[in-house]
Structures are given as C-alpha cells and as structure tokens.
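Peer 1: Could you have a look at this structure, given as structure tokens, before my questions?
The values are calculated or read from the model by the stated rules, or taken from the named source; none is laboratory data. Remember, it's a predicted structure, so these values are computed and weren't measured experimentally. Reconstructed Cβ throughout: ideal geometry from the backbone, glycine too, with neighbour counts over all protein chains shown. Heavy atoms of the whole protein, side chains included, go into the accessibility calculation; ligands, DNA and RNA do not. Shrake-Rupley method; radii C 1.70, N 1.55, O 1.52, S 1.80 Å.
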Amino acid sequence: MHSDRKAAGHIAKAAGVRSLVVDFRLAPEHPYPAQLDDAETAYRWLLSQGYEPRKIGSTGHSIGGTLAGMLPLRLLAKGEATPGAIVSVSPWTDLTIQNPSVDENELNDKMLSRATLELFRAAWLQEPGVDFADPRISIANADLTGLPPTTVHYGEFETLADDGADLGRRLVDFKVTSEVHAMAEGQHSFILGAGRVPEVDQAIQQMGQWLRRHLGT
C-alpha cells in the first residue's frame, strides 16, 4: 500500500477518478489465494458504497497486474458483474516461468530474475503438488472470454516482457477489447517512477485515457 500509493495517485489523476489502494495480505505468511480474496473484498466494499461495477477500474502492477485480471475472471466464473476496465502493468501471467525473456533479460531487469521469481512463487503457492500451469494462477492458460476492456503495459527490458506480450496476444484471440504498450528499455514495474521519468508519465497518461474512455469519466 505504501510503496504503490504514489503511482496509484498519478493514474487516478490521469483518469479523473478516485483510487482505492488495497493493502492486501502478503506471502509467505498469507499464500494464495489470500491476495485475490482481499481484492474481491475491496471490490465488494466499493459496491456496498454505491459504486457501479462499470465505473470501477481494476488496476495493478507486477503480481498486482496479475490480480487485476484474476479478479474479473473470478467474478465471471461466479456469473457476476465485473469492473468496467482493466489496467495491467508488468503482469506475471505464466507461473511455470518458461518464457524466454526470463533469461534473455537477466542482465537488463534490475528488479527481477529467474531466482527471485522462483523465490516468490514458492512463497505464494504453498499447496503441495500445485500445478503451476493451472489457469487459476497462470492466466496465460485461462479462458479470457468476457473480460472487460483491458490494457497491458510492460517494459521491454523486464524478465516478464514475454508474459505481457503473450497476454496481449491472447486478449485479441479471445476478442477482448484491448491495447498493449511495450515501453522501450522499460523496467519491471516501471510505474514506480511516476513523476520522475517522462516515459513513465507518458505511459500513465495512456492508462488514464484508457480508464476515462471505458469508465466514462
């Protein structure tokens, strides 16, 4: 919550909306699906406050970018209304960690590596015998039918570059209204540079425009 609220504020300002920053529980003390449960709780709280689903944007970066898509998928599985739009930044979509960019960008990505991804995966997914390809945790394998309009942003220098690019292609395959933006030389979770890096601020304006367009703000 404290590390992300500045970037969230910049996106909210660009979109002309208010932002609810979710202080979701962290692994390893709270493994999956605690974080998704917390995102759903926050969404239902917004509904209880009178916000319409179509006026809510589901946004996040890194594992938060994954949760931004996981939440609407869970709601769709329950036959419930989803948020009106998704902004997913640097998402981790393939928990098998098989995409080539994981190793190809080893020296470029200053935040993540194969070793850190394996560490985070072990902390998050603690059930014995869990299948890392399970579409509930690897949305690279999920049925994306019915997702609300989704924009994906990722950095070309990050280990998860292929995750973002692949998600963009699959959104098209499932006929989801979508846009994909790859930041040249961008790092993982580059939005943390909000207010200091011109390229980041430009990307945030694109995110804001996406939310304005699809939430009707």
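Peer 1: Can you tell me, using C-alpha contacts under 8 Å and at least 6 residues apart, the relative contact order of the stretch 77-173 as a whole percent? Could the numbers behind the result be given before it?
Peer 2: On the way: 122 pairs, mean separation 45.8, N = 97.
Reported relative contact order: 47 percent.
Peer 1: Positive end of the dipole of the chain, charges at C-beta (+1 Lys, Arg; -1 Asp, Glu), about the Cα centre: which of 89, 65, 42 has its Cα farthest in that direction?
Peer 2: Farthest along the dipole direction, towards plus: 42.
Peer 1: For residue 55, what accessible area in Å² do you get when you roll a 1.4 Å probe over the heavy atoms of the protein chains, rounding to the nearest 10?
Peer 2: Answer for residue 55: close to 80 Å² accessible.
Peer 1: Put a dot 7 Å past each Cα toward the Cβ at residue 145 and residue 107; how far apart are the dots in nm?
Peer 2: Placing both labels 7 Å beyond Cα along the Cβ direction yields 4.6 nm.
Peer 1: Also, quick follow-up: Ignoring ligands, DNA and RNA, what accessible area per residue does the stretch 20-71 give at 1.4 Å, in Å²? Please report the intermediate quantities before stating the final value.
Peer 2: Values: 2560 Å² over 52 residues.
Value returned for the stretch 20-71: 49 Å² of accessible area per residue.
Peer 1: Using the Karplus equation 6.51 cos²θ - 1.76 cosθ + 1.60 (θ = phi - 60°), what ³J(HN,Hα) coupling, rounded to whole Hz, does each residue of the stretch 107-112 give in order, writing x for Gly and Pro?
Peer 2: With the stated coefficients, the stretch 107-112 comes to 8, 8, 7, 8, 10, 10 Hz.
Peer 1: Heavy atoms only, probe 1.4 Å: what % of the accessible area of the stretch 1-154 goes to carbon and sulfur, would you let me know? All intermediate terms of the calculation are to be shown ahead of the outcome.
Peer 2: Numbers: 4180 of 7620 Å².
Percent of accessible area from carbon and sulfur atoms in the stretch 1-154: 55.
Peer 1: For residue 17, what accessible area in Å² do you get when you roll a 1.4 Å probe over the heavy atoms of the protein chains, rounding to the nearest 10?
Peer 2: 50 Å²
Peer 1: Another one. What percent do you get for the relative contact order of the stretch 8-82 when only Cα pairs under 8 Å and 6+ apart count? The partial results should precede the final answer.
Peer 2: Values: 40 pairs, mean separation 15.3, N = 75.
This gives 20 percent for the stretch 8-82.
Peer 1: Okay, moving on. Output the peptides 87-100, 147-160 sorted from most to least packed, where packing is the average of other Cβ atoms within 10 Å over each peptide's residues. Before the final figure, lay out the partial values.
Peer 2: On the way: 87-100: 22.4, 147-160: 25.1.
Highest-to-lowest ranking by the protection proxy: 147-160, 87-100.
Peer 1: Per DSSP H run of n ≥ 4, the term is -39500 (n - 2.57); total these for the chain, divide by its residue number, and report the mean residue ellipticity at 222 nm rounded to 500 deg cm²/dmol. Each step should come with its number before you reach the end.
Peer 2: Working: 7 runs with 87 residues, N = 217.
That calculation yields -12500 deg cm²/dmol at 222 nm.
Peer 1: Name the residues whose placed amide hydrogens come within less than 5 Å of the amide hydrogen of residue 86, ignoring near sequence neighbours (fewer than 5 apart) on the same chain.
Peer 2: Long-range HN contacts for residue 86: 58, 150, 151.
Peer 1: What does the charge add up to near residue 199, with Lys and Arg as +1, Asp and Glu as -1, over the other residues with Cβ less than 13 Å from its Cβ? Mind dumping the intermediate values first?
Peer 2: Details: positive: 196; negative: 156, 185, 201.
Spelling it out: positives minus negatives among the neighbours equals -2.
Peer 1: Magnitude of the Cβ-charge dipole of the stretch 1-54, K/R +1 and D/E -1, about the Cα centre, nearest 20 debye?
Peer 2: Numbers: 7 positive and 7 negative charges, 70 e Å.
Computed about the Cα centre, the dipole is about 340 debye.
Peer 1: Right, another one. Once the Cα gyration tensor of the stretch 120-217 is found, what semi-axes does its equivalent ellipsoid get, as square roots of 5 times the eigenvalues, in whole Å, sorted largest first?
Peer 2: Equivalent ellipsoid semi-axes, largest first: 26, 19, 12 Å.
Peer 1: So, in nm, how far is label residue 123 from label residue 25 when the simple model puts each one 7 Å beyond its Cα toward the Cβ?
Peer 2: 1.6 nm
Peer 1: Still on this structure: Test of understanding: what is the full-extension gain from residue 174 to residue 1, defined as 0.36 nm times their sequence separation minus their Cα-Cα distance? Intermediate values should be presented prior to the final figure.
Peer 2: Details: separation 173, 0.36 × 173 = 62.28 nm, distance 3.23 nm.
Stretched fully, the residue 174-residue 1 segment lengthens by 59.1 nm.
Peer 1: Provide the solvent-accessible area of residue 111, counting protein heavy atoms only and rolling a 1.4 Å probe, rounded to the nearest 10 Å².
Peer 2: Spelled out: residue 111, probe radius 1.4 Å, area about 100 Å².
Peer 1: Using the Cα centre of the stretch 119-217 as the reference point, and only Cβ charges (+1 on K/R, -1 on D/E), how large is the resulting charge dipole? Debye, rounded to the nearest 20.
Peer 2: So the dipole magnitude of the stretch 119-217 works out to roughly 420 debye.
Peer 1: A further question on this structure: Considering Cα pairs under 8 angstrom that are at least six residues apart, work out the relative contact order of the chain and quote it in whole percent.
Peer 2: Details: 390 pairs, mean separation 55.4, N = 217.
The normalised contact order for the chain reaches 26 percent.
Peer 1: With a ≥ b ≥ c the root eigenvalues of the C-alpha gyration tensor of the chain, is it rounded (a/c under 1.5), prolate (a/b larger than b/c) or oblate? Show your work: numbers first, answer last.
Peer 2: Working: a/c = 1.41, a/b = 1.12, b/c = 1.26.
Rounded.
Peer 1: Under unit Cβ charges (Lys, Arg +1; Asp, Glu -1), what dipole magnitude, rounded to 20 debye, does the chain have relative to its Cα centre?
Peer 2: Details: 20 positive and 28 negative charges, 229 e Å.
The dipole magnitude comes to about 1100 debye.
Peer 1: Suppose the chain between residue 48 and residue 184 were pulled fully straight at 0.36 nm per residue; how much longer would it get relative to their current alpha carbon spacing? If you can, show how the numbers build up before the last one.
Peer 2: Values: separation 136, 0.36 × 136 = 48.96 nm, distance 4.08 nm.
Length difference between fully extended and current span is 44.9 nm.
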